[in-house]
Amino acid sequence: TNSAEDEDSPTWGVDSRRLAFVRYVGACCSNPDIFTMDADGTNQVNVTDSVTSSDIDPAWSPDGTQVAFTSNRTGDYEIFTMDVDGTNVVNRTNTPAADEGGADWSPDGTKIAFTSNRDGNYEVYKMNADGTNPRRLTTDPHADTQPAWSPDGARLAFVSDRFGTTPYRTDVFTMAPGGTDQTRLTTEAAAVDEWPAWSPN
């Protein structure tokens, strides 16, 4: 990309031919929209095209047909899905809380992990891909965010500040998909370690 606006949050489509990403359209750092493009940067398409909401954190479904994303178009941040061309937008969470933090699909496409503060502080949740049966996976009094499924579906990586807020630090953890066996991976003092991403193998 080479535009005048800020762009971030790239995510590959399943066939590696397309990417989804966020572009902050207009004034600096305002009105983020989700775009898709070919892997060489051509054929850029604004698939959310909203002038009133913030549409962020795209995540391509494993079968390549949908993109999950976070939007405040209903008044607070919720998780939505849409077809890759921007049609068939569906609100998958609907709570007074902030449901956000980078939704991520399970490898089989049946679940979506996300972050919510619906129980008082930010924790990692998972739900069925249609939004039913939301379940809280972490219960620490600190913030647990940024879930990422492993390619085999056996683990979820996530980020937590449970080991220090003065000075502020975050560490990367993994856990079983049911929330058990939470294992700390990074231990650098006073560092901010975040946005884990699994290698394909």
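Scanning the stretch 93-113 for residues that are closer than 25 Å to PRO151 by Cβ and open to solvent by 50 Å² or more (accessible area, probe 1.4 Å) yields PRO107, ASP108, THR110, LYS111.
Can you confirm whether ASP85 is open to solvent by 20 Å² or more (accessible area, probe 1.4 Å), of a type outside the set (A, V, I, L, M, F, W, C) and in contact with a Phe, Trp or Tyr (Cβ under 8 Å, 6 or more places away or on another chain)? Here the answer is no, as ASP85 does not meet what is asked. Using the structure shown, decide if SER9 is in contact with an Asp or Glu (Cβ under 7 Å, 6 or more places away or on another chain), of a type outside the set (Phe, Trp, Tyr), assigned to a strand (DSSP E or B) and modelled with pLDDT under 95. Judged against the criteria, SER9 is a match. Only one of the numbered conditions (1) within 24 Å of SER199 (Cα to Cα); (2) modelled with pLDDT of 95 or more; (3) within 17 Å of the chain's Cα centre (by Cα) is not met by ALA39, and that is (3). For the stretch 26-49, a residue qualifies if it is touching an Asp or Glu at 6+ places or on another chain (Cβ under 8 Å) and surrounded by fewer than 18 Cβ atoms within 10 Å (Cβ to Cβ), and the qualifying residues are GLY26, CYS28, CYS29, VAL45, ASN46, ASP49. Tell me which residues, restricted to the stretch 173-201, are surrounded by 12 or more Cβ atoms within 10 Å (Cβ to Cβ), in a loop (DSSP other than H, G, I, E, B) and free of Cβ contacts under 8 Å to residues at least 40 places away in the same chain. If the condition is that a residue be surrounded by 12 or more Cβ atoms within 10 Å (Cβ to Cβ), in a loop (DSSP other than H, G, I, E, B) and free of Cβ contacts under 8 Å to residues at least 40 places away in the same chain, then ALA176, THR186, ALA191, ASP193 are the ones that fit. Filtering the stretch 50-61 to residues that are touching a strand residue (DSSP E or B) at 6+ places or on another chain (Cβ under 7 Å) and open to solvent by 20 Å² or more (accessible area, probe 1.4 Å) leaves SER54, ILE56, ASP57, TRP60.
The values are calculated or read from the model by the stated rules, or taken from the named source; none is laboratory data. Only a predicted model underlies this, so the values are computations on that prediction, with no experimental measurement involved. Methodologically, a virtual Cβ is constructed for each residue, glycine included, from the backbone with ideal geometry; neighbour enumeration extends over all protein chains shown. Surface areas here come from the heavy atoms of the whole protein model, side chains and all, with no ligands, DNA or RNA. Shrake-Rupley method; radii C 1.70, N 1.55, O 1.52, S 1.80 Å.
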